[in-house]
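For reference, the structure is listed below as structure tokens.
Computed from the coordinates by the stated procedures, all read-outs in this text should not be read as laboratory data. Please read all numbers here as calculations on a predicted model, not as lab measurements. Counting neighbours? That spans all protein chains shown, and the Cβs are built from the backbone with ideal geometry, glycine included.
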Amino acid sequence: MSHHSNGHAAVVPSKAPDTIKRMADAASAFLASLGKAELTKATFPFEGDERYDWHYTPVDRNGLLISEMSGNQIDLAYKMMETGYSASGYQMARQIISLEPLLGEYEAMTNNVSTWQRLEERYWFSVFGEPGSDSPWGWRVGGHHIGIVASVVGNSEVSIHPLFFGSNPAEVKHGEHKGMRTLAEEEDWARSLVTGMTDDQKSVAIVDPIAPADILTTTVRVVDPGTTPQGISIGDLYDGQREAVVKL
């Protein structure tokens, strides 16, 4: 299983107005396609704690499920989601969603069946506030191994925070997609960074020979510094290694 998460806001001032307009138009079109009952599930106020509720694990959450949408509504939901990613990021997100049934097949083959239904339709879409208004607004998409929350303030600031990509399986082992690796570059960059370290660097960077079962910081809003080992400082890396960290 591979993970890629981003705990920092991604703000691009020079392109923000264009991005915000595309987001507002897409979110408005999605909402306009929904009926009253669907709107009740899909919409929330911007204020409050709901906007901070995000997960990357397979758990039920609030919002409107893909399985509760018509074909046109699904298209509009994904168009809204697409505005929060680069072209490659959106392609990666859709590929991660497509892995769910493959994971279910693999679990059945290995007699390790999960109680969670591995379906591409188990992803939730939510909109906070009124798209395009002067007041802050945003949207969220979440499901197993996908987490993206977009927040918009005025016509100048847009934040994609938090953002999560995960891949399970890291490499597809069966079927027509055998060999597919969704997060191949990220995984390979990380491994090459570690394997390229000196023994002294590895003794500091590798804090445990066994990887933890999950991300140590999970999804808490404020992280306790004592939760994670310190590891190696970027200042203790060579120039090429520092470049590799930035690339990763």
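Panel values: the chain, Kirkwood radius from alpha carbon pairs, Stokes-Einstein at 20 °C and 1.002 mPa s, translational diffusion coefficient 108 µm²/s.
Couplings for region 185-198, taken from phi via the Karplus curve 6.51 cos²θ - 1.76 cosθ + 1.60 with θ = phi - 60°, read 4, 4, 5, 5, 4, 5, 5, 5, 4, 6, 5, x, 7, 6 Hz in order; Gly and Pro are left as x.
Which entries of 79/178; 21/173; 41/247; 21/178; 15/79 have Cα-Cα distances beyond 30 Å here?
Numbers: 79/178 28 Å; 21/173 41 Å; 41/247 39 Å; 21/178 39 Å; 15/79 18 Å.
As for pairs spanning more than 30 Å Cα to Cα, those are 21/173; 41/247; 21/178.
Just so you know, the Rg over Rh for region 111-248 is 1.03, from Cα atoms, with Rh as the Kirkwood radius.
Normalised by 2.2 N^0.38 Å, with N the number of residues, the alpha-carbon radius of gyration of region 1-141 equals 1.12. For region 151-161, putting each phi into the Karplus relation 6.51 cos²θ - 1.76 cosθ + 1.60 with θ = phi - 60° gives couplings of 10, 10, 10, x, 10, 10, 10, 9, 10, 9, 6 Hz, in residue order, rounded to whole numbers and with x for Gly and Pro. With the charge dipole of the chain set up from +1 on Lys and Arg Cβ and -1 on Asp and Glu Cβ about the Cα centre, the Cα lying farthest toward the positive end among the listed residues 125, 58, 198 is that of 125.
Helix 87-109 and the long axis of the chain differ in direction by around 80°, with both axes built from C-alpha atoms.
Three principal axis extents describe the C-alpha atoms of region 139-179; from largest down they are 48, 15, 12 Å. Shown for 216, 237: other C-beta atoms within 10 Å of each C-beta, ranked fewest to most, produce the order 216, 237. Simple rule: put +1 on each Lys or Arg Cβ and -1 on each Asp or Glu Cβ in the chain, find the dipole, and look at 238, 215, 45; the Cα lying farthest toward the positive end is 45. Phi angles of region 205-219 translate, via the Karplus equation with coefficients 6.51, -1.76, 1.60 and θ = phi - 60°, into HN-Hα couplings of 6, 8, 8, 7, x, 10, 5, x, 5, 8, 5, 5, 7, 6, 10 Hz per residue; Gly and Pro are given as x. Between the alpha-carbon centres of region 178-223 and region 26-85 there is a gap of 32 Å.
Distance between the pseudo-spin-label points of residue 161 and residue 39 (7 Å out from Cα toward the beta carbon): 3.1 nm.
If R0 equals 22 Å, the separation of the Cβ atoms of residue 90 and residue 121 corresponds to a calculated FRET efficiency of about 0.75. Here r is the Cβ-Cβ distance between residue 111 and residue 176 and R0 is 30 Å; the resulting FRET efficiency, rounded to 0.05, is 0.85.
Once you list every other residue whose beta carbon is under 12 Å from the beta carbon of residue 188, what net charge do they have if Lys and Arg are +1 and Asp and Glu are -1?
Charge balance in the 12 Å sphere: -1.
Per residue of the chain, what 222 nm ellipticity follows from adding -39500 (n - 2.57) for every DSSP H run with n ≥ 4, rounded to the nearest 500?
Numbers: 7 runs with 87 residues, N = 248.
Computed mean residue ellipticity for the chain: -11000 deg cm²/dmol.
Between residue 22 and residue 222, the contour length at 0.36 nm per residue exceeds the alpha carbon distance by 68.9 nm.
Across q = 0.26 Å⁻¹, region 184-247 modelled as identical point scatterers on its alpha-carbon atoms has Debye log10 I(q)/I(0) values of -1.25, in the order of the q list. Extents of region 61-156, largest first, come to 53, 27, 22 Å (Cα atoms, principal axes, whole angstrom).
Pulled fully out, how much extra length does the chain show between residue 47 and residue 15, if you take 0.36 nm times their separation in residues and subtract their Cα-Cα distance? Intermediate values should be presented prior to the final figure.
Numbers: separation 32, 0.36 × 32 = 11.52 nm, distance 2.58 nm.
8.9 nm is the gain from fully extending residue 47 to residue 15.
Taking the Cβ of each residue in 220, 172 as the centre, tally the other Cβ atoms inside 10 Å and list the residues starting with the fewest. Don't skip to the answer; put the middle values down first.
Details: 220 8, 172 19.
The order, fewest Cβ neighbours first, is 220, 172.
Across region 168-210, the convex hull enclosing all Cα atoms gives 86 Å³ per residue. Computed from label points 7 Å out along Cα-Cβ, the spacing between residue 210 and residue 184 is 3.2 nm. Helix 16-32 and the longest principal axis of the Cα set of the chain meet at an angle near 50°.
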